[in-house]
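First the structure, in the form of structure tokens, and then the observations on it.
The values are calculated or read from the model by the stated rules, or taken from the named source; none is laboratory data. The structure displayed is predicted, hence computed values, not measured ones. FYI the Cβ positions are ideal-geometry reconstructions off the backbone, even for glycines, and counts take in every protein chain you see. To get the accessible areas, we keep the full protein, side chains included, count just its heavy atoms, and leave off ligands, DNA and RNA. Shrake-Rupley method; radii C 1.70, N 1.55, O 1.52, S 1.80 Å.
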Amino acid sequence: MIYFQSLTQQDLASLLRPLSRVQSKARISTEELEHKLTRQARYRAKQIFHWVYQRFQTDWDQMTDLSQDLRAWLKAHIQIFRLNSLQSHQALDGTHKFLWSLEDSKTIESVIIPAALREKNAQESSKAFSEEGAFFSGRVVSETMDSDHWSRLTACISSQVGCAMACKFCLTGVQGLDRHLAIHEIVTQVYELRRVAPITNIVFMGMGEPLHNFENVVKACQILLDQDGLAFSKRKVTVSTSGLVPAIEELGRRIDVSLAISLNATTDEQRSRIMPVNRRWNIEELLRACRNYPLGSHRRITFEYVLLKGMNDSLEDAERLVHLVRGIPSKINLIPFNEHSGSDFRRPQDSVIRSFQRYLLDHHLTATVRISRGRDILAACGQLRSILGTARGSERHQEWGQGLTRQ
Ligand code: SF4
């Protein structure tokens, strides 16, 4: 059985091609026959993409504009995959977190992160810095997920079960890598979230290093971008990486999506301490790959910067950051560390966060501060899974906080 969500529209058309029939009384050439059969298969594939991804129909028998023979074939050969929701929690700020169980009983997380209209406005005011502390406002409490309430609904999805990159501030990193996600497991996270909310953006910032699962992520992106399917725009799909430099270069050659870099430090010494990947590809190599990344017009690379108290939050860091990203069309997303019981790292004080942001703004960078979302539902990457004890190594997480020494 093939999973529907692992197929591009072109893959599906190729599977349907042998089933195509042309009725013609007139004699037609072999090329013309071939052309008609291919066109028919493509048309059927498009119809099926509409049924599944735009009308959310999961029963082949209900796809009434397909022939009975085709429906019977689909039933026998292709399965529309569904994820089994183990838990779902909605926080007071609207963040909605899902814990899914896979067929082999492994678990992964996805999160819907809303940006409220008021929050967007608040961030814009913080950009201009006209209002003291504006970026801490803007939280809106809502039980609903309809687009009238939110300017943006971002699906944060996972690409692996666990992660091999071992970033020190990340709970998923502590859990280690279990396995890569298959294409259908990646696409179906978005498919399931779209069933409950009008998702506008996708970020690969859940569990896992997406570029470590390169081929599956690229193909999943192709499916997500299909305008007859879930129809996301390339600007609204962002792959976030900890810095696998050769894969960044390959990504730019293979598919047109937005890029985010989890930077988090301004010196190699500092970055290697919190992100082991930096020992393989240092900041200079990483930024060179960013400079060469093919960006369309008006597009920018996002640099994610987790602010860790006493580690990377000084004004000297801000100064080095300005220097590092100079010449790269970019925006800086400052993320005050989301404290959790398994970590010794701490969130900087609000005044420190504000000074850091102000320095970047004063030096003509776009710098936003991500409001910490969903604290009441453990929205930081890997937290829900770990607390529920479904993660490999979740038992290690209990000891980890004591073992970690911050230098
Ligand atoms: S921050 Fe991302 S890349 Fe680093 S360990 Fe966590 S999930 Fe992996």
(request) Output the number of the condition that Thr241 fails; it satisfies all remaining conditions of (1) open to solvent by 10 Å² or more (accessible area, probe 1.4 Å); (2) hydroxyl-bearing (Ser, Thr, Tyr); (3) under 13 Å from the mean Cα position of the chain (by Cα). (result) (1)
(request) Could you check Ile335 against (1) within 23 Å of the chain's Cα centre (by Cα); (2) at pLDDT below 95; (3) assigned to a loop (DSSP other than H, G, I, E, B) and say which number it fails? (result) (3)
(request) Provide a single number: the residues in the stretch 192-228 that are open to solvent by less than 10 Å² (accessible area, probe 1.4 Å) and closer than 24 Å to Ala13 by Cα. (result) 6
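Could you check how many residues of the stretch 168-196 are of a type in the set (A, V, I, L, M, F, W, C) and at pLDDT 95 or above?
Taking the stretch 168-196 as the starting set, the residues that turn out to be of a type in the set (A, V, I, L, M, F, W, C) are 169-171, 174, 177, 181-183, 186-187, 190, 193, 196.
Narrowing further to those that are at pLDDT 95 or above: 177, 181-183, 186-187, 190, 193.
Counting residues in the stretch 168-196 that are of a type in the set (A, V, I, L, M, F, W, C) and at pLDDT 95 or above gives 8.
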(message) Checking the conditions here, which among Gln57, Gln23, Gln47 is out of contact with any Leu (no Cβ under 8 Å at 6 or more places or on another chain) and modelled with pLDDT of 95 or more?
(response) Gln57
(message) Between Ala231, Ala247, Ala260, which is part of a helix (DSSP H, G or I) and either within 30 Å of Pro348 (Cα to Cα) or among the aliphatic types (A, V, I, L, M) (or both)?
(response) Ala247
(message) All but one of (1) farther than 20 Å from Asn333 by Cβ; (2) within 13 Å of the ligand (Cβ to nearest atom); (3) open to solvent by less than 10 Å² (accessible area, probe 1.4 Å); (4) modelled with pLDDT of 95 or more hold for Ile157; state the number of the condition that does not hold.
(response) (1)
(message) crowded, with 17+ Cβ neighbours inside 10 Å and not small (Gly, Ala, Ser): which single residue out of Leu33, Leu12, Leu19 fits that description?
(response) Leu12
(request) Only residues that are in a helix (DSSP H, G or I) and among the charged types (D, E, K, R): list them for the stretch 280-289, please. (result) Glu284, Glu285, Arg288
(request) Taking the options Asn278, Asn264, name whichever one is touching a Leu at 6+ places or on another chain (Cβ under 9 Å) and in contact (Cβ under 8 Å) with a residue 40 or more places away in the chain. (result) Asn264
(request) Go through the stretch 263-279 and count every residue that is assigned to a helix (DSSP H, G or I) and on the phi > 0 side of the Ramachandran plot. (result) 0
(request) Output the residue which, of all residues in the stretch 165-185 that are more than 17 Å from the chain's Cα centre (by Cα) and small (Gly, Ala, Ser), is farthest from the ligand (Cβ to nearest atom). (result) Gly176
(request) Could you please tell me which pairs satisfy a Cβ distance under 7 Å, a separation of 6+ or placement on different chains, a first residue in the stretch 31-47 that is in the same structural domain as Arg21 (by TED's automatic domain parsing), and a second residue that is open to solvent by 70 Å² or more (accessible area, probe 1.4 Å) and not basic (Lys, Arg)? (result) Gln47/Asp65
(request) Report yes if Leu324 is at pLDDT 95 or above, within 16 Å of the ligand (Cβ to nearest atom) and in contact with a helix residue (DSSP H, G or I) (Cβ under 8 Å, 6 or more places away or on another chain), otherwise no. (result) no
(message) Just to check your reading of the model, which residue among Leu259, Leu360 is within 16 Å of the ligand (Cβ to nearest atom) and at pLDDT 95 or above?
(response) Leu259
(message) So, Asp313, is that one part of a loop (DSSP other than H, G, I, E, B), buried (at least 17 other Cβ atoms within 10 Å of the Cβ) and either under 24 Å from the mean Cα position of the chain (by Cα) or away from the ligand (no atom under 16 Å from the Cβ) (or both) or not?
(response) yes
